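Colleague: I have a structure here, written as structure tokens, and I will follow up with some questions on it.
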Amino acid sequence: ASWLDIDGTRRDEKHTGVHGGRLGEWILAPASGTIRAAWRSNWQWGWEGSLLISHAREDLNLESGAPFYYSAFDHLNFDEIKHFEIGQKISRGQKLARVSRPGGKQIYLPEVHWEVWEVWADRLGWKKNMYNAPVWYNTSAHLIDPLYMLALHKRSSNSLNVEITPYD
């Protein structure tokens, strides 16, 4: 998370996720889990798709900590995710959607926005944001570094390095 956007411009608010990917590349599920929502969203850039996946602690090979983790993906093409159904099981490495542009608009650089939330109670609520678009909330959720989730059950060393198991 940073105050700078992918194009180097300064944001008005703190950025809550990481951006990555090249236009058209597949976005892969970072861990096994369950689809919680696939919806049309708007975060100021225009209408697009968003996807929310719930991962049980056991899906991440964790023995302690929060019982759930949410992966939230934004700036997706809604037509590529509308087939997902609430409760559908997904596997680590499963193709979710391809990297697109925010709001599908050519003026923005391609990216996927990914957030990871540590969740203590798997309750999902909905409200409208300032663009009159649905946005999820969970009062027990706390934003964490996505690299922590990718590290699975491996703890960081004293040097603060984390081993990440890649998906092949």
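Colleague: Only one residue in L52, L62 is open to solvent by less than 30 Å² (accessible area, probe 1.4 Å), in a strand (DSSP E or B) and within 22 Å of E118 (Cβ to Cβ). Which one?
Modeller: L52
Colleague: Which of the residues belonging to the range 80-93 are open to solvent by 60 Å² or more (accessible area, probe 1.4 Å) and more than 14 Å from S41 (Cβ to Cβ)?
Modeller: H83, E85, I86, K89, S91, R92
Colleague: Find the residue count for the range 94-125, including only residues that are assigned to a strand (DSSP E or B) and either more than 13 Å from the chain's Cα centre (by Cα) or basic (K, R) (or both).
Modeller: Within the range 94-125, residues that are assigned to a strand (DSSP E or B) and either more than 13 Å from the chain's Cα centre (by Cα) or basic (K, R) (or both) number 5.
Colleague: Which ones in the range 114-141 are closer than 20 Å to W45 by Cα and of a type in the set (D, E)?
Modeller: E115
Colleague: Please work out which residue is least open to solvent (accessible area, probe 1.4 Å), limiting yourself to the range 117-128 and to residues that are closer than 18 Å to A56 by Cβ and without any contact (Cβ under 8 Å) to a residue 60 or more places away in the chain.
Modeller: Restricting to residues being closer than 18 Å to A56 by Cβ and without any contact (Cβ under 8 Å) to a residue 60 or more places away in the chain, the top hit is A121.
Colleague: Then there is this: Could you please let me know if L143 is open to solvent by 20 Å² or more (accessible area, probe 1.4 Å) and either of a type in the set (D, E) or under 15 Å from the mean Cα position of the chain (by Cα) (or both)?
Modeller: Taking the combined requirement at face value, the residue satisfies it.
Colleague: If only one of Y108, Y167 is open to solvent by 70 Å² or more (accessible area, probe 1.4 Å) and either of a type outside the set (A, V, I, L, M, F, W, C) or at pLDDT below 90 (or both), which one is it?
Modeller: Y167
Colleague: Scan the range 65-93 for residues that are of a type in the set (D, E, K, R) and in a loop (DSSP other than H, G, I, E, B) and jot them down.
Modeller: The answer is K82, E85, R92.
The values are calculated or read from the model by the stated rules, or taken from the named source; none is laboratory data. All of these numbers come straight from a predicted model, not from anything done at the bench. Backbone-built Cβ (ideal geometry, glycine too); neighbour counts: all protein chains shown. Surface accessibility is based on the protein's heavy atoms, side chains included, excluding ligands, DNA and RNA. Shrake-Rupley method; radii C 1.70, N 1.55, O 1.52, S 1.80 Å.
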